[in-house]
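I have placed the structure first, in the form of C-alpha cells, so that the comments after it can refer back to it.
The values are calculated or read from the model by the stated rules, or taken from the named source; none is laboratory data. Computed from a prediction, not measured in an experiment: that's the story for all the values here. A quick note on method: Cβ atoms are made from the backbone with ideal geometry, for glycine too, and the neighbour counts reach across all protein chains shown. The protein model used for the area step is the full one, side chains on, heavy atoms only, and it has no ligands, DNA or RNA in it. Shrake-Rupley method; radii C 1.70, N 1.55, O 1.52, S 1.80 Å.
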Amino acid sequence: GQNIDQPTEMTATEGAIVQINCTYQTSGFNGLFWYQQHAGEAPTFLSYNVLDGLEEKGRFSSFLSRSKGYSYLLLKELQMKDSASYLCAVRDHRDDKIIFGKGTRLHILP
Amino acid sequence: GAVVSQHPSWVICKSGTSVKIECRSLDFQATTMFWYRQFPKQSLMLMATSNEGSKATYEQGVEKDKFLINHASLTLSTLTVTSAHPEDSSFYICSQNGEVETQYFGPGTRLLVL
C-alpha cells in the first residue's frame with residue numbers, strides 16, 4: 001500500500017518563501033506530483049518528479065529524494081493568490097494509480 | 001483548453017434518487033479514467049479505476065453496487081450514485097493520464113443530497 005504524509009496547515013507572509021514537505025511510503029514508486037487546489041475547484045498540476053533532484057519552474061520548485069521517500073515543494077515570492085491547498089501525490093507503477101496525501105492548507109498573510 | 005469535461009457541474013437531488021455524472025475526454029482517447037471523491041477540507045480519495053470495455057476496479061471500502069461505473073467508449077466514463085443519501089454529498093472528480101508526467105482532472109461535480 002501507500003502512505004503519504006504532509007503537514008495539515010502552514011502560514012507564511014506575502015513575499016516570503018515557504019517549503020512544504022511530503023514523505024511517502026510505497027511499494028511501486030513511479031513519480032511524485034504536486035498539485036494546487038483552490039477551494040471549490042479541481043486540482044491544477046504544479047510539478048512532477050521521478051528522478052532525484054530539484055525541478056524549478058518559475059516561483060515553484062520541487063525536490064525529490066527517492067532513497068528517503070521525501071519531497072518538498074518550495075514557493076518563492078509568495079503572493080496572496082498562493083493561498084490554497086497543496087497536494088502531494090504518488091503514482092504506482094503497477095497500475096498507474098495516483099494516490100493523494102491529505103493536503104497542506106497554506107495561508108498567506110499580508 | 002480543457003482536456004477533460006464533467007457534467008453536470010453541480011447537482012442537488014432528493015435522498016433515494018440516483019445521479020449520473022459524466023466524464024468526457026476531449027483531446028484524446030482514454031482507456032483508463034479515475035474517479036475521486038473529496039469531502040470538505042479533505043484530500044482527494046480515489047474511488048475506482050474505470051477501464052474501457054471492462055469492469056471498473058474499486059478501492060477498498062467503496063461499494064461497487066452503490067457507485068456504478070460504465071466506460072463504454074474511449075471518451076466517456078460515467079459514475080452513477082445509486083440511491084443517494086446525504087452522506088454521499090461530496091465533490092466528485094474524474095481524471096485521466098496524459099503524457100508520462102501529467103494527469104488531467106475534470107472540473108468536478110458537486111453533489112448535494114437533501
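Among (1) touching a residue at least 24 places away in the same chain (Cβ under 8 Å); (2) over 18 Å from residue B:7 (Cβ atoms), where does residue B:54 come up short?
Unmet condition: (1).
So which residues in region A:26-41 are under 19 Å from residue A:96 (Cβ atoms) and open to solvent by 20 Å² or more (accessible area, probe 1.4 Å), if there are any at all?
Residues satisfying the conditions are A:26, A:27, A:29, A:30.
Filter region B:76-114 down to residues that are within 14 Å of chain A (Cβ to nearest Cβ), open to solvent by 30 Å² or more (accessible area, probe 1.4 Å) and in contact with a helix residue (DSSP H, G or I) (Cβ under 9 Å, 6 or more places away or on another chain), then give me how many there are.
1
Scan region B:31-71 residue by residue and report those that are open to solvent by less than 60 Å² (accessible area, probe 1.4 Å), more than 12 Å from chain A (Cβ to nearest Cβ) and of a type in the set (A, V, I, L, M).
B:56, B:62, B:69
Hey, could you check region B:65-83 for residues that are hydroxyl-bearing (Ser, Thr, Tyr) and part of a strand (DSSP E or B) and say which is modelled with the lowest pLDDT?
B:73
Going through region A:9-25 one residue at a time, which ones are in a strand (DSSP E or B), β-branched (Val, Ile, Thr) and open to solvent by 40 Å² or more (accessible area, probe 1.4 Å)? Don't jump to the end; show me each part of the working.
Start the filter on region A:9-25 by keeping residues that are in a strand (DSSP E or B), which leaves A:9-13, A:18-25.
Retained after the next criterion (residues that are β-branched (Val, Ile, Thr)): A:11, A:13, A:18, A:20, A:23.
Passing the criteria: A:11, A:13, A:23.
I'd like to check which strands (runs of 3 or more DSSP E) are fully inside region A:66-110 and have at least 3 residues that are modelled with pLDDT of 95 or more and either under 14 Å from the mean Cα position of the chain (by Cα) or away from chain B (no Cβ under 13 Å) (or both).
A:70-75, A:84-92, A:104-109
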